[in-house]
Amino acid sequence: MKLKKNDFIEIDYVGRIKDDNKIFDVTSEEVAKRENLYHKEHKYKPIIICLGFNDIIKGLDEELINKDLGKYVIEIQAEKAFGKKTYSLIKLVPNSIFKEGLRPFPGMQVNIEGLMGTVRSISGGRSLIDFNHPLAGKDLIYEVEIKRIVTNTEEKLKSLLELKLGNEVEVSISDNKAVIKLEIKQDLKKILEGEIKTRIPEIKEIVFEKQPLENK
């Protein structure tokens with residue numbers, strides 16, 4: 001069966017930078033250990049995504065549509081991965097902008113006025129900082145296994161909430177009504193309701209069991 005937009009699928013993948021074959025993302029614990037990339041605090045497991053909504057990078061999302069279950073090697077051009085490098089995002093800043101006692105060094109990750117960047121070089125009391133994504137301008141290669149199509153409505157909902165919120169949420173579904181045990185702000189509640197009804201149209205009613213928080 002060919003995959004289509006709105007299908008929920010479970011995938012394992014290894015993401016590599018094409019130029020040097022370096023792994024930058026991996027879902028398999030076995031592969032992480034084999035490649036000496038394992039971190040015990042990281043939770044390795046297949047991920048469930050909904051096709052057509054860019055839950056993963058745009059190029060990979062597009063490539064998986066019309067595929068069958070199975071293993072694939074997919075090359076993604078930079079434009080459909082993390083974008084081309086934008087040279088206007090490489091800025092020279094005075095070192096006085098850093099907190100007192102903080103000495104910048106090449107490769108250091110910094111947060112300047114809410115923007116994450118990487119220090120590229122230091123000269124004459126100033127630092128050259130690249131605010132592009134670290135993988136901007138890089139072509140990528142993904143080794144992907146499409147393991148299964150997820151058809152259970154409750155599993156779809158739980159995976160969507162985990163993807164959006166970063167943690168597991170208790171849910172139950174009966175007669176097209178979803179009960180979600182979650183305390184959230186009203187604006188986030190509306191966003192989640194819209195996402196759920198768009199991606200899982202079989203859910204007609206959504207109830208948050210805990211009273212949503214008022215926006216501050």
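The values are calculated or read from the model by the stated rules, or taken from the named source; none is laboratory data. Nothing here was measured: the structure is a model prediction, and the numbers come from that model. Quick reminder, even Gly has a Cβ in these numbers, built from the backbone with ideal geometry, and neighbours come from all protein chains shown.
A few points about this structure:
- Any hit, segment 103-116, residues being more than 30 Å from Lys71 (Cα to Cα), exposed (fewer than 14 other Cβ atoms within 10 Å of the Cβ), under 26 Å from the mean Cα position of the chain (by Cα) and of a type in the set (Asp, Glu): yes
- Test: residue in segment 151-169 that is modelled with pLDDT of 90 or more, of a type in the set (Ser, Thr, Tyr) and over 26 Å from Phe24 (Cβ atoms): yes
- Segment 155-175 - residue that is surrounded by fewer than 14 Cβ atoms within 10 Å (Cβ to Cβ) and not polar (S, T, N, Q) and, of those, nearest to Phe208 (Cα to Cα): Glu170
- When Arg120, Arg126 are screened for being within 30 Å of Ala32 (Cα to Cα) and in contact with a Pro (Cβ under 8 Å, 6 or more places away or on another chain), only Arg120 passes.
- Residue ID - surrounded by the fewest Cβ atoms within 10 Å (Cβ to Cβ), chosen from residues in segment 65-101 that are of a type in the set (Asp, Glu) and touching a residue at least 60 places away in the same chain (Cβ under 8 Å): Asp68
- The condition of being touching a residue at least 12 places away in the same chain (Cβ under 8 Å) and more than 14 Å from the chain's Cα centre (by Cα) holds for only one of Glu35, Glu41, that being Glu35.
- Restricting Ile122, Ile146 to those that are under 30 Å from Leu3 (Cα atoms) and surrounded by 10 or more Cβ atoms within 10 Å (Cβ to Cβ) reduces the list to Ile146.
- Looking across segment 194-216 at every residue that is surrounded by fewer than 16 Cβ atoms within 10 Å (Cβ to Cβ) and either modelled with pLDDT of 90 or more or outside the structural domain of Ser172 (by TED's automatic domain parsing) (or both), the one that is farthest from Lys5 (Cα to Cα) is identified as Val207.
- Residue that is more than 22 Å from Gly15 (Cα to Cα), out of contact with any Cys (no Cβ under 7 Å at 6 or more places or on another chain) and aromatic (Phe, Trp, Tyr), where the choices are Phe98, Phe82: Phe98
- Test result for Asn95, farther than 30 Å from Glu79 by Cβ and at pLDDT 95 or above: no
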